[in-house]
Amino acid sequence: MPTRMPGHHAFRRRPHYGATWRTKEAWENGNTTQSTTAALDTSAAAAVQQQEGAKRASGRGAAAIRPRNAAAAAAAPASSGKGASHVSSGKAGQEFSGAAVRKSSTSSTSMSLRTRVLEMALEPQGSREVQKALEEAKGAEQELLMRELQGHVVKALQSPHANHVLQKAISVMWPSQLPFIISELLSFGSASTIAKHPYGCRVLERLVEFFPAHMMEEMFSDLLKNIPDLCKHPYGNFVVQHLLEHGEERQRQFIVDELCSELYSLATNQNACGVLDKALTYASPGGQRVLVGKILEQEGLLVAIAGKRWGFAAAERLLSSATPSESEEAHRQLSENLELLRRTVSGRQLLDSPAFRAGAHPAPSSSRALVHGDHRS
């Protein structure tokens, strides 16, 4: 039998706090909480009983006024239908009044921002309020708000907060409502200069997305003249990616031709690899075939792309969009450099990717053709 510790009786005389109570204070606090919870439960039960009593009383009252003869019973549905129509009309009235309240609140919000749009747009919270007002307002109210930024577009462009107001306005308003925005942006610099600005590139991306080509002609012309330089820029490359995604087909083809002219330096550049990935995604099937062929012609270029952290997406895109013959050649080049690829994280990821595994056993030409837009059987 185990020997009892000296003074063990002292522990036995202490109150048992339980497994969850490590100290006396915690146990007392727990008991207080439990008693408080019990009191709340008691009061809640009393409230429920009162509600049930009120329901029973109302039921007895309703029974007291029930019709006692057939004529009254026959007349009751008609009156109840009339009441239902009153209820439905009341609901419709509530919905209409709710819409009116929302419209009035939107108008009051835009009114409260008048003469303060620029000041608020330059501040973090104020910028959010102006963006919300632009999103909720319509037509003339939006124009009144943005009219206060006319003449201050360059200042808003360079602000970490007001540039979001410009983006929101471009996204939710018609281009015809913002005739001043392009001319004021060009007073800051050329489109290429704006594309290299940390906030200007975002505004330019929205313009590429939402403005028609005839309004953007001057900007597009300048951007297309500087594609290689923009592709390598940490901000400018995102504008080129937007051109590939939202631009016209002739612009996409022009960018593909520029990539092919300086393929090795662009394909192995940290920023330009994102442009290469977008070109392999959004270029025409013919443009994609040209680009893939140029990459595979330069022995070792695909391995160099795949071995870089920023080149993994482009290499995987090439494998997934390749024709059977292109896939076979790409797989050969990668397989001959397995040891080199296994030394890098992105190389190992590519070797484990479904795109690479599928390349070892090319799918039938009919199913592979559907990947890159050829629907011939």
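The values are calculated or read from the model by the stated rules, or taken from the named source; none is laboratory data. Everything quoted here is computed from the prediction, not taken from an experiment. For neighbour counting, all protein chains shown are included, and Cβ atoms are generated from backbone atoms with ideal geometry for every residue, glycine included. Accessible surface areas use protein heavy atoms only, side chains included; no ligands, DNA or RNA. Shrake-Rupley method; radii C 1.70, N 1.55, O 1.52, S 1.80 Å.
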- line: Requiring at least 2 residues that are within 17 Å of Ala314 (Cβ to Cβ), the helices (runs of 4 or more DSSP H) wholly within the stretch 211-286 are 227-231, 236-246, 249-261, 263-267, 272-282
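Please verify whether Val239 is within 26 Å of the chain's Cα centre (by Cα), over 30 Å from Leu351 (Cβ atoms) and β-branched (Val, Ile, Thr), treating the condition exactly as stated.
So Val239 fits the description; yes.
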query: Which condition number does Leu244 fail, the rest of (1) more than 24 Å from Val203 (Cα to Cα); (2) open to solvent by less than 60 Å² (accessible area, probe 1.4 Å); (3) touching a residue at least 12 places away in the same chain (Cβ under 8 Å) being met?
result: (1)
message: For the stretch 314-322, check the following and say yes or no: at least one residue is out of contact with any Leu (no Cβ under 9 Å at 6 or more places or on another chain) and either at pLDDT 95 or above or open to solvent by 80 Å² or more (accessible area, probe 1.4 Å) (or both).
response: no
task: Tally the residues that are touching a residue at least 24 places away in the same chain (Cβ under 8 Å), in a helix (DSSP H, G or I) and either open to solvent by less than 60 Å² (accessible area, probe 1.4 Å) or among the polar types (S, T, N, Q) (or both), restricting the search to the stretch 140-177.
output: 20
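Considering only the stretch 178-210, how many residues are assigned to a helix (DSSP H, G or I) and among the basic types (Lys, Arg)?
2
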